[in-house]
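Only one structure is covered here, and it is reproduced in the block below.
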Amino acid sequence: MSSLRIAQVRATTVAMPLEAPLRHSNGAHWGYFVRTIVEVEATNGLVGLGEMGGGGQSAEQAILALQPYLVGHDPANLEALRFMIANPTASLYNNRTQLLAAIEFACLDLLGQDTGLPVHDLLGGQVREEVEFASYLFYRYPGRDGTGEVRTIDQLVDEARRLKEQHGFRVHKLKAGVFDTDFELEGYRALAEAFPDDRFRYDPNGALSTEDSIRFAHAIEDLPNDYLEDPVYSLTGMRRVRENTRVPLATNTVVVNFEQLAANVLNPAVDVILLDTTFWGGIRPCIRAGGICEAFSLGVAVHSSGELGIQLATMLHLGAVLPNLTFAADAHYHHLLDDVVVGGLRPYTDGKMAVPTEPGLGVQLDRDKVAQYAELYRELGPYPYDRDPSRPDWYPLLPNSSFADHTDDQLPPALADLYARWP
Ligand SMILES: [Mg+2]
């Protein structure tokens, strides 16, 4: 038991501009991320930081609604917190796993600050001082200044070259499932040809049929693939693909909790489990899942659900303590134009980031930046993550049968409208 008690919870929603809108199989991030910054203040005045978001909406009200559960609670008592606010049967009515994650980050940050230890020391101690990242390549609509589009194969290769030169990436992940699969295959192979010493991963967010997934896997078997990520949606679909390819399969979609991990151990469908500190309900469950993967010789990697500096710190502390992390982590981070933490955007060196060594998560809020981007959120409001600006009436089936047109070079009217009202 620590002497700390939670006194108050605060939540602030911010809109953080991206270089350009990021396209994915369900729609797009429309030129900015909406993230909710969580502050958990202890009775001694220390403030722990958390973060959540990803779907384009504010989570402010949902976080504030937890206040009655949290006030007076010892932030060291994290296991109890899991059952207080995210008991799996109670949560059938209100899935709070992601909220729990944001609170866990803040409690760990509080404990670290209180003891003078970085979070990775509270979690077993670091086995590495820096974490390697993959260039997360997206098809992109043009940004507000008209630049940054990634649509053609030449643009895709140029974007990978830009990110490699800027940040030193040696691993490239293509977020796909946007265009026709054969066109994306051509782009993926062009990347492998342009960077013969690098490694690659393809992730269409489960948009392909099982048969197209198998066909795609066969067509890339000669390349230096880390893995094929969620080509098809469902454990059974992944199992059928796995039975028909030598390319390892990865998921952040169909193994995102312990029930699914157990199912995958008993009847393997996926080789590499992408651990997401938000999806799994915190850093600690990711470490537990990593231990299970170690015991059963499954691979692990660190997933990105779109992060500002606070969530990025959780990914770095996780990466620091996982002994079996043999893959580069994912991050949306290099698509951001700014950050809300002191010091601004955290740099990559040779494709890697240093793990924070300061007490707690090792990041502090830049209050001016928080105010600036909270104001931007008030101006712009939420965005529909699962809508494509160029096709307002479209929604994808699974498997998807209607991909975007890669020859369409027009700025969607919905984005032009957004840019026109952007302050
Ligand atoms: Mg994925």
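Regarding THR407, is this residue under 25 Å from LEU123 (Cβ atoms), more than 16 Å from the ligand (Cβ to nearest atom) and hydroxyl-bearing (Ser, Thr, Tyr)? When the stated conditions are applied, THR407 does not pass them.
Which members of region 325-336 meet the condition of being away from the ligand (no atom under 15 Å from the Cβ), under 17 Å from the mean Cα position of the chain (by Cα) and not in a strand (DSSP E or B)? Can you show your working first?
Taking region 325-336 as the starting set, the residues that turn out to be away from the ligand (no atom under 15 Å from the Cβ) are 325-326, 333-336.
Of the ones still in play, those that are also under 17 Å from the mean Cα position of the chain (by Cα) are 325, 333-336.
Of everything in region 325-336, those that are away from the ligand (no atom under 15 Å from the Cβ), under 17 Å from the mean Cα position of the chain (by Cα) and not in a strand (DSSP E or B) turn out to be TYR333, HIS334, HIS335.
If you check ALA65 against the conditions, is it within 21 Å of ALA313 (Cβ to Cβ) and modelled with pLDDT of 95 or more? Against the criterion (within 21 Å of ALA313 (Cβ to Cβ) and modelled with pLDDT of 95 or more), ALA65 does not qualify. When each of ASP222, ASP276 is tested for being of a type in the set (D, E, K, R), closer than 22 Å to SER135 by Cβ and within 15 Å of the ligand (Cβ to nearest atom), the lone residue that passes is ASP276. Of all residues in region 203-218, which are among the hydroxyl-bearing types (Ser, Thr, Tyr) and either closer than 23 Å to ALA134 by Cβ or touching an Asp or Glu at 6+ places or on another chain (Cβ under 9 Å) (or both)? Within region 203-218, just SER213 meets the criteria. In region 284-304, the condition of being within 16 Å of the ligand (Cβ to nearest atom) and in contact with a Lys or Arg (Cβ under 6 Å, 6 or more places away or on another chain) is met by no residue. Among the residues of region 26-59, those identified as of a type outside the set (A, V, I, L, M), surrounded by fewer than 24 Cβ atoms within 10 Å (Cβ to Cβ) and not in a strand (DSSP E or B) are ASN26, THR43, ASN44, GLY45, GLY54, GLY55, GLY56, GLN57, SER58.
For the condition outside the structural domain of GLU39 (by TED's automatic domain parsing) and without any contact (Cβ under 8 Å) to a residue 40 or more places away in the chain, what is the one hit in THR314, THR326? I'd like the intermediate steps shown before the answer.
Details: THR314 fails: without any contact (Cβ under 8 Å) to a residue 40 or more places away in the chain.
The conditions single out THR326.
Every test in (1) away from the ligand (no atom under 16 Å from the Cβ); (2) assigned to a loop (DSSP other than H, G, I, E, B) is passed by LEU316 save one, and that test is (2).
Screening LEU70 on (1) within 17 Å of GLY281 (Cα to Cα); (2) modelled with pLDDT under 95 shows it passes everything except condition (2).
The values are calculated or read from the model by the stated rules, or taken from the named source; none is laboratory data. Because the structure is predicted, anything quoted here is derived from the model rather than measured. A quick note on method: Cβ atoms are made from the backbone with ideal geometry, for glycine too, and the neighbour counts reach across all protein chains shown.
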